[in-house]
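Below: the structure, in C-alpha cells.
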Amino acid sequence: MSESRSQDAASDSGPGSRRRTWTELLAGRAERQRQALGRGHKLQESAVRLLRRHLNLNDLLLEVDGSACKTLCLNQLMDPEASADLPGSFIGSALRDQASRLGVPVAVLSSRTVASSIVQICASSGEPSPRVLLNAEQRKKMSSLLEVAQHLLAHSMFSRFSFCQELWEVQNSLLLEAVWRLHIQNIVSLQELLESHADTRATVAWLFRDLCLLCEQMEVSTQHTDIARAMLSDFVQLFVLRGFQKNSGLRSVEPAQMAQLAMDVLQRMLMFTLEALATELQDESPAYRAVKSWFGVFCGHTYGAAVSTDAPKRFFSHTLTQVLTHKPVLRVSDAVQMQRDWSFAKTHPLLTSLYRRLFAVLRPEELVGHLQEVLETHEVNWQHVLSCVSTLVICLPEAQQLVKDWVARLLARAFQSCDLDSMVTAFLVVRQAALEGPSVFPPYSDWFQASFGSTRGFHSSSKKTLVFLFKFLSDLVPFEAPRYMQVHILHPPLVPSKYRSLLTDYVTLAKTRLADLKVSVENMGLYEDLSSGRDITEPHSQAHQDVEKAVAVFEHTGKVPVAVMEASIFRRPYYVSHFLPALLTPRVLPRTPDSRVALIESLRRADKIPLSLYSTYCQACSTVEEKKPEHAAAGVKAEAGGCAEEPLGPLAAALSELRAAMTDPSQYDVLSAHMAVVSERLSSALGLGEEDGSLEVSQVQLSILAPHLEHREQEIADLLLTSFCQNLIAASSFAPPARQGPWAARFVTAMCGRRLLPVVLTRLCQLLRHQGPSLSTSHVLGLAALVVHLGESRSVLPEVRVGFPAPAKSLPIPEFFSSLLTFGTAETSLFCLKFCTAVISYFLCKSSSLSRDILYSCLSPALMKKFQFVILRLFSEAREPPSQEDPAGLPWRLLCLPTADWQRAALCLWKQRTFQELLKQKEFHLTYRDWLQLELEIQPELDSLSHTERWDFHQWAIHEHFLPKPSAAGGCDGQLQTACTVLVDVLIDFCQSSRSYNCSENFDLVLGSCTGNRDIFSRLQEMAADLEQGPTASQSCSPRERFPFGVFRTRLQALASGWDVAARLQRQRELLVYKRILLGLPPSVLVGSPQAKEPAAPDCTEFFHLVNSELLQSPSRAFLDVQPSGSIKSCRPGISSSCQF
C-alpha cells in the first residue's frame, strides 16, 4: 500500500520535478567515490614520480626520527665495517619505515639507494684515467653492498626494473666490473640490464668503449688478469648466446632487440681489431694488447657449457666472413703483385692466431666451403683471403687436398663457361699455397705443368678454351713476378700445332717483360720452389736442390727424371755449369751403390756426362776415400750415446769433442760427423723444429745501442762463440786458415738457423760494440774469423735492420759488422785496429787461392777503409810509401803467438803486397770525403793523439795526402777550393746525420761539441784563409761560384721543394747549419778579398743573395739574430783562437 503510494507521489510530480529513487541515489554516490579513488591513485603515482626524480634519498634517510634511523645512511651501506654491525633485517626495516613515511614502495626506495651507493663506490678511487676495473678497496665495499642487496631481494624489498632504470641514468659513472658483479651475484643479470635500456645505440657505444678498455687493461696488472678474463668471457658468452641463437621464431620484441645489440657489439669489436691490424701495431702498445685480448675470446673454453655448440660455430663462421670481406679495396692486379708478402710467415702473428682459433671450431671441409661461398657472393679483401689460405694449408694438413680439389673445380668451371672470376681465384689460391713450400703444397711449376701440360688439361677441349687461357696469362704479365713467367715459358701448356701461334705470342710477350726486368730464364732450376719470397735464387744453390729432387725421383722410378733429360738438351748451359758440378760433388762412395751413384751411372751411359768431368769426379772420390780415418764410425757412435743431464750439457759435450778433434790432423775428415752431432744437440737445446735450421730467414732486426738477450739465449750464444774461438786457436796452432778444412764454415752454418742467427748477431753486437776493448786476443781472433765466414754466406743470410743511430735501411752482414766498429776514443781506436787487422789477415790467408773477383765481393769496403784510417792515424811510419822490396807476409801467425804484437802485425799487413793490390781497387779507396767522415767521429778529449799530434796528422792528411791526389783516387786534384767545398759538404751532412747521437741534442752544440767537429772546423778556417790569401785566389773561382756559396746553392737546389711542414723544417735546419758555418769563417770569405794592389770595393753579391733569397724568406727570422762571438786570429797549435760556435 505504501509502495503504491510512493509511486503515485512520484508520478504526480511531473517531468521537471521528478524525484530519484533510493537505489539511484546510492548508485550515484558509489560512482563518485570510485572516481575520487582513481584520482587519488593517479595523484599518488605522480607524486612518486616527482619524488623519484628530484628527491635526495640520502637527506631523507637522515631526517627519519629515531636514533637508529638517523645513523642509517649510504656511508654505512658502503662501509664494510659499519654494515657488518647492521644486520640485513635492520636495514630492511629501516628502509620499510622510511618508504612508509615517504609514501613510496620500499622496493623502489631500496633500488635507488643501492644504485646510488654503487655510483659512489665506482667514483671512490680518485683515479682520473678511464677505468673499467675496481681496485681492492672498491671490491670489498661492493661485496658488502651486494650482500645487503641480496637480503633485500630475498625479502621482496628490491625492484630489478627500478634498479636497472636507475643504473642507466648514471651509466657513464659505472665501472664495467661493478655491472659484471651484479650479474655474478644474481642481483640483476647482464641480459636483463641490457634489455631494460630503450636506446640500443647508446648501449652499444657504452659497451664497445668499456670492452676496449677492458682488453687494453687486461694484462697491465697481473692481479687483475683473472678477473678481467672472467668478465670478458661472461660478456662474450652472453653476446654469442643472444646474437647467434638459432631459435628466432619464439622471440618477442625485447629478445630480438637484445640479439641485435649483441651482434652490433661483436661487430664493432671485430672491426676495431681489424682496423688496428691494418696499421703498424707496436708490440705491447694499448692497441696491441686490446687486439690480442679480444682475439683470445675465440677459444672453445671461453663459452663453456652455457652456450650451445651451434651458437659458437655460427659466430665463428660469421667472424670469418667479416674478416675476409673487411674493406675490399685491393684489386686482383694488386693481389697478383703483392701476394708473396701475404704468406704465413709475413702475416701479422695476431691475424694468424685469429685464423687458427677460428679453424679450431670449423672442420676443414666447412672452411674450404665457406671460403668458396664468400668468394662467390662477396667482394673480398684479397690480403685476408690469401693469408687465410696460407694459414689453412699450414695448420690443417687435411685441408691441403681439399684446396687442390677446390682449385680443380674452379678450373673446370672457368673453362666450361670462360668464367674469369673462377680463373683468377684458382691461380691466386694455388700460388698462395705454393708459397708455403713443397712440404705443404706442390710447387707452382708442378701444378701448372700437371694442369696444362697434357692433353687431359682443362684448356685442350677447343680453340675457345685455348684463347681464354692465353688471354688470361697475357693479362697477368704486367703484374706478376718473374718466376711465374719463367714457369710458363719453361713448362708451357700443351698446344696443338695449328694453334702454336697463341703460345708463341705469349712467350714473346713474357720474354720481353723478363728482359725489361733484367731476369734471365736460364737461371731457373729444374725443380723450382717458390717458397722463398725472392724472385731469383743463386744458380749454385738451386742446383743442389735440383740434385736432391732428381735423386729422389730416380730412387722411386728407377729412371732418369724427364726434367734432367730435357735440361741436358734444351737448357744445356745450366745443366753443364750448375747441375752436373752439384751432382758430381766428391764424396766417400758407399760400398753398396746408392741412388746417387746409380743416377750418375745412368747419365754416363746416356752420354749426358762429359768423360773428362766424370774422370775428375772419380779421381776426387778416390782421394777422399784414402783420407777417411778408420775410427770415424766409432767416433760418431760414441757421440750419439752421450747425454748430460743439464739442459746445455749434451751441447757442451759435443763441442768439447769437436775441439778435441781440432788438435789431431788425422781426424779432420770426421769433422763433418762431429758437426752433425753439434747441430742435432743445438736443435735440442733450443727446441728447434726442422724448419728452424733453414737459412731462409726473415729480416733480422736489432738495436745497436741496447742489444738484449734472454739469459738462456746468451748462455747458448756464449757457449758457441767460446767454442768457435777455442777451435780456431787450436786449429791455427798447427795449420794456416787455408788448410783447416771446412769445419769453420759448417760451424757457422749451424749457427745460422732461423731462431739462432738473431741471437748470435745480437751477442756479437754486444761484444764488438760495447765490450770490444775488454776482449782478449783469442776472442778477437776467433770473432774476426767468424765474421769472415758469416760474410762469405751473405748471399743466403738475411740483411740486418738496426735501430738508431744507424741508417734507416737494411745492411748486409759484412757491412753490419763494420758498422759496429767505432774509434771515438783511444781504447776503441786500438780495438778497431786489432779487429780489422785480424779480419783482413784471416781472410787473405784463408782465401789466398781464390780469384780477386771473389775477394772483392766478400770483403767489406767499409772495414777496409776503417783499417786504413786507423793505421794512418796511429802510426806515422804507415804514412810513408811502402817499400817494393819489403817481403812482408801475412801476419796471421804473428797474431796467434802467446804475446801478440798488434802494432807489428798491423804494419806487416799494411806493407803486404796482396793488401796493397787490394787498395788499388776503387771500392777500397779511402777518399778525402771518407777520411773527413771518419775523423769527425773522433772525440778530441779522449783521443790517443795529443792536440799537436792531431794537428800534424790533419796537416799531413789534407795538404800532403789528399790534396795532391787525383780525384779518381779519392783526392782533390790539387784544388784547395775543392778540398774546402768537400769539407763543408761533409760537415753539413754530419751535423744533420744520426752519427752525432752520443752528443747533446741541443743544436747549438752540434758544431761546437760533437765528435771531432772543433778541430775539423779549425782546419776549414785555416784552409778558407789560405784560399782567400793565396796568389791564385782571384782566378780560382768565378763570382757565381765563390766558396762556400756554391756548396750552399747546390744543396738548396737538391732539397725537396714545397711548403709542407717537412720540407720547410728540413730547409730551416739546413739554413741554420749554413749560418753557423758562415759565422765561423773569416769575413773575407763572405764579402770577398780583393787581390789587386789598388783599393777595391768588397764583393758582397753572393752573401746578400743568400740573405735575401733564403734567410729573409725563412719563416724563422732567428737566422739573423746571432752575432759572431769574435774574429779568428789563428787555429794553429799554441796560438789562441776563437773557433767556437
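The values are calculated or read from the model by the stated rules, or taken from the named source; none is laboratory data. For clarity, every value in this text was computed on a predicted model and none was experimentally measured. Neighbour counts are summed over all protein chains in view; Cβ atoms, including those assigned to glycine, are modelled from backbone coordinates with ideal geometry. Please note that ligands, DNA and RNA were not included when accessible areas were found on the heavy atoms of the full protein model with its side chains. Shrake-Rupley method; radii C 1.70, N 1.55, O 1.52, S 1.80 Å.
Couple of notes before you dig in:
- Estimated at 0.36 nm per residue, the fully extended path between Lys313 and Asp718 surpasses their Cα-Cα distance by 140.8 nm.
- All Cα-Cα separations within the range 730-799 were binned at 10 Å from zero, giving a P(r) of 17, 49, 31, 3, each value a whole percent of the pairs.
- The packing ranking of peptides 953-961, 898-906, 648-656, 106-114, highest mean first, is 106-114, 648-656, 953-961, 898-906, where packing means the average number of other beta carbon atoms within 10 angstrom of each residue.
- Where the Cα pairs of the range 539-610 fall when distances are cut into 5 Å bins, in %: 3, 17, 29, 30, 16, 4, 1
- Computed from the Cα positions only, the extents of the range 321-440 along the three principal axes stand at 38, 30, 27 Å, in decreasing order.
- The heavy atoms of Cys164 present about 0 square angstrom of accessible area, all protein chains included, probe 1.4 Å.
- At R0 = 60 Å, FRET efficiency that the Cβ-Cβ distance of Arg209 and Glu917 yields, to 0.05: 0.25
- The Kirkwood hydrodynamic radius of the range 443-521, based on inverse pair distances between different Cα atoms, is 12.7 Å.
- A cut-off of 5 Å between modelled amide H atoms, ignoring neighbours fewer than 5 places along the same chain, links Leu811 with Val800, Arg801, Val802.
- Ranking Arg181, Arg483 from most to least accessible surface, computed with a 1.4 Å probe over the protein chains only, gives Arg181, Arg483.
- Between Glu147 and Tyr288, the contour length at 0.36 nm per residue exceeds the Cα-Cα span by 47.0 nm.
- Cα-based Kirkwood hydrodynamic radius, the range 92-233, one decimal, Å: 15.8
- Charge tally for Thr321 (other residues, Cβ to Cβ under 11 Å; Lys, Arg +1; Asp, Glu -1): 0.
- Site pair Ser1109 and Glu137 shows an inter-label distance of 6.9 nm when each label is modelled 7 Å from Cα along Cα→Cβ.
- Using a Förster distance of 60 Å, the FRET efficiency for Ser810-Gln120 (Cβ separation, nearest 0.05): 0.55
- Residue-span extension gain [Glu566 to His348] - 0.36 nm each, minus C-alpha spacing: 74.3 nm
- Counted by Cβ distance under 15 Å from Ala408, the other residues give a net charge of +1, where Lys and Arg count +1 and Asp and Glu count -1.
- Put a dot 7 Å past the Cα of Thr592, heading toward its Cβ, do the same for Lys42, and the two dots end up 10.8 nm apart.
- Projecting label points 7 angstrom from Cα along Cα→Cβ for Arg1051 and Gln701 puts them 3.2 nm apart.
- Sorting the segments 314-324, 490-500 by their mean number of nearby beta carbons within 10 angstrom, highest to lowest, gives 314-324, 490-500.
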